[in-house]
Amino acid sequence: MRGPGRRQFMAGVAGAAGAVALGGSAAARAATGRAATSQWEDVISGSLASDATLAQSWNGDYPWGTDHNGSARMTVASGSRANLWLDNGVLVIRANPVPPEGQSSANPHPTIHYHSGALHAKSQIVVTDQFPNYEVRGDFQVPTARGTWPAFWMTAVNGWPPESDVLEFKGDSRNWFNTFRTASDVSSTVVPVSSPGSWHTYRTWMTKVSSTTVDFHYYVDGVWKSVHHATGFVGKPMWLIVNLQMEGSSGSPGPTSDTYYRARNLYVGRTRVS
């Protein structure tokens, strides 16, 4: 099934977005006779053109530091380019085995067996009356060997959840679209991907459908796969992260040689209602 693209969504939501945006300021707008208007704007576009444009839109490592829930430690913020670099508009992330160097500082504190790379966007993603729709997408070549755990995802700035996984492969050729409302209230759509090591486009369209709920529409290569209803996501800022973690949920032991994860055309856009 092929879902609606941005133009169809925009046509459908423009009126609703305007009505939602009127909520807190309806009296003021009625007094001036001014109707709400909406326009599309790029938030992240063309960021992989050069090191300079990369630095304008992205920071190195996770927002909280170098470690997470796998056995790879991120090295980008330290100034190293051994694990992350640009190659003619393509982001290359390399995970390489290292001798054990203690435990991860994050739960469940696995032993560090790899160095790898991560980026998080400087612009946070937050669905509100002013920004009722977002598009988040990118093209990726992903590793699928046991112990490889590439991801392109959003997670809460303050506490956890919310979380939305636009791309998550866990040691095989299936992508996991996940939406965490709480630790135990999770929607998952698992999609087999043919030749995931080739370029494929992974996308979510986020749209505000009530004062508390955001719908996430998930796509692979422009084909709609699922919608997840995410209650409690409105007004909750999220980080956007691209990273190559290792082992953990993807199994162990992981590869004994270097692993590569590539991305291009990373994009974030949104509707602005004014």
For this session: Would you calculate, for the chain, the mean residue ellipticity at 222 nm contributed by helices, counting each DSSP H stretch of 4 or more residues as -39,500 (n - 2.57) and dividing by all residues, to the nearest 500?
Result: -3000 deg cm²/dmol
For this session: Give the angle, between 0 and 90 degrees and rounded to the nearest 10, that separates the Cα long axis of helix 6-21 from the longest principal axis of the Cα atoms of the chain.
Result: 60
For this session: Take the chain, connect every pair of alpha-carbon atoms lying under 10 Å apart with a spring to form a Gaussian network, then pick out the residue of 149, 205, 40 with the largest mean-square fluctuation.
Result: 40
Exercise. Want the number for residue 39 to residue 130: 0.36 nm per residue separation, take away the alpha-carbon distance, what's left?
Worked result: 31.7 nm
For this session: Please sort 119-129, 135-145, 95-105 by packing, taking for each peptide the average over its residues of neighbouring beta carbons within 10 angstrom, highest first.
Result: 135-145, 119-129, 95-105
Problem set entry | Local electrostatic count at residue 252 - Lys and Arg +1, Asp and Glu -1, tallied over other residues with Cβ under 13 Å | +1
Problem set entry | Options (1) 14.6; (2) 16.9; (3) 15.5 - which one matches mean projected area of the Cα convex hull in nm² as calculated here | (1)
Seminar exercise, completed: A convex hull over the alpha carbons of the stretch 103-213 yields, per residue, a volume in Å³ of 137
Exercise. How large is ³J(HN,Hα) for each residue in the stretch 223-235, as worked out from phi by the Karplus curve 6.51 cos²θ - 1.76 cosθ + 1.60 (θ = phi - 60°), to whole Hz, x for Gly and Pro?
Worked result: 9, 5, 10, 5, 10, 10, 9, 10, 6, x, 8, 5, x
Seminar exercise, completed: Once normalised by the length of the chain, the mean sequence separation of its alpha carbon contacts under 8 Å that are 6 or more apart gives a contact order in percent of 27
For this session: List the equivalent ellipsoid semi-axes of the stretch 166-250 in whole Å, largest first, each obtained as the square root of 5λ for an eigenvalue λ of the Cα gyration tensor.
Result: 24, 15, 11
For this session: Please report how many Lys pairs in the chain have alpha carbons closer than 24 angstrom, counting only residues at least 8 apart along the chain or sitting on separate chains.
Result: 5
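Bear in mind that the values in this text are calculations on the coordinates, not laboratory data. Note that the coordinates shown come from a computational prediction; the quantities given were computed from them, not determined experimentally. Methodologically, a virtual Cβ is constructed for each residue, glycine included, from the backbone with ideal geometry; neighbour enumeration extends over all protein chains shown.
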